[in-house]
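Working notes, structure below.
The values are calculated or read from the model by the stated rules, or taken from the named source; none is laboratory data. Everything numeric in this text was worked out from a predicted model, so none of it was measured. A quick note on method: Cβ atoms are made from the backbone with ideal geometry, for glycine too, and the neighbour counts reach across all protein chains shown.
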Amino acid sequence: MKRIINIAPSEFIGVKGIEYFNFEEDFVEDNIRCIPMVVRFKMDAVGVKLKLSEWSKFKPKERVKLALMPIDMASELENYHQYLTSLISSYTGNTATNMEVDRQPAWGNIQQIPDLLIEKALEIQLELSTEQWQQLTDIQRFALLKLCRPGHENKNFSKAVIEFGLMNN
């Protein structure tokens, strides 16, 4: 059993322009605060895999910058990719691990709820409607899909569902 040391609140709490969720305060692994969904969302968009050991070396202002940087245009995606890979290189001496970018991610289809999410929601007696799915932000849909993946602990799935207003606690 891992011993959890009292970790300070995230530097993302209350920062204007960052979609940071309350349930993410529980994202701690090996006594390191995990990468927030907003940054994971952007990493997926630029095709860079970031290890927790790499993330933990970044300065708080660099982590906040990664959360705030826009990725709406091709040039912004390139800038984000460049900044992230340069941080990884400068702190670890390693080349960033690239991954394939999903050009049609499931969270982006607001007309159809992914089967994996429907199944996970039913485990907690939630029947998610298409209307509810459509009302979520991109990052909320992304987070729900990340939290229901096989092999993920899923301990924050129900917390996210409640926080996103999909179910009462």
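Could you list, in sequence order, all residues of region 91-110 that are under 19 Å from A143 (Cβ atoms) and surrounded by fewer than 11 Cβ atoms within 10 Å (Cβ to Cβ)?
Within region 91-110, just Q104 meets the criteria.
Checking L147 against (1) in contact with a helix residue (DSSP H, G or I) (Cβ under 7 Å, 6 or more places away or on another chain); (2) at pLDDT 90 or above; (3) surrounded by fewer than 20 Cβ atoms within 10 Å (Cβ to Cβ); (4) not basic (K, R), which single condition isn't satisfied?
All conditions are met except number (3).
How many of the residues making up region 72-90 are surrounded by fewer than 17 Cβ atoms within 10 Å (Cβ to Cβ) and either of a type in the set (S, T, N, Q) or touching a Lys or Arg at 6+ places or on another chain (Cβ under 7 Å) (or both)?
Adding up the residues that qualify gives 6.
It is to be established whether one or more residues within region 127-141 are buried (at least 16 other Cβ atoms within 10 Å of the Cβ), at negative phi, free of Cβ contacts under 8 Å to residues at least 24 places away in the same chain and not polar (S, T, N, Q).
yes
Here is a yes/no grid of residues against (1) outside the structural domain of R141 (by TED's automatic domain parsing); (2) in contact with a strand residue (DSSP E or B) (Cβ under 8 Å, 6 or more places away or on another chain); (3) modelled with pLDDT of 95 or more:
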| residue | (1), (2), (3) |
| --- | --- |
| F27 | yes, yes, no |
| M43 | yes, yes, yes |
| P60 | yes, no, no |
| A67 | yes, no, yes |
| E76 | yes, no, yes |
| N79 | yes, no, yes |
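What pairs come up if the first residue lies in region 84-112 and is farther than 13 Å from V46 by Cβ, the second is β-branched (V, I, T) and surrounded by fewer than 13 Cβ atoms within 10 Å (Cβ to Cβ), and their beta carbons are under 9 Å apart, counting only those six or more places apart or on different chains?
Going by the 9 Å Cβ cut-off, the qualifying pairs are S89/T95; I110/T130; Q111/T130; Q112/T130.
Report every pair of residues separated by at least 6 positions or lying on different chains whose Cβ atoms are under 6 Å apart, first residue within region 22-33 and over 11 Å from K159 (Cβ atoms), second at pLDDT 75 or above and polar (S, T, N, Q).
I32/S56; R33/S10
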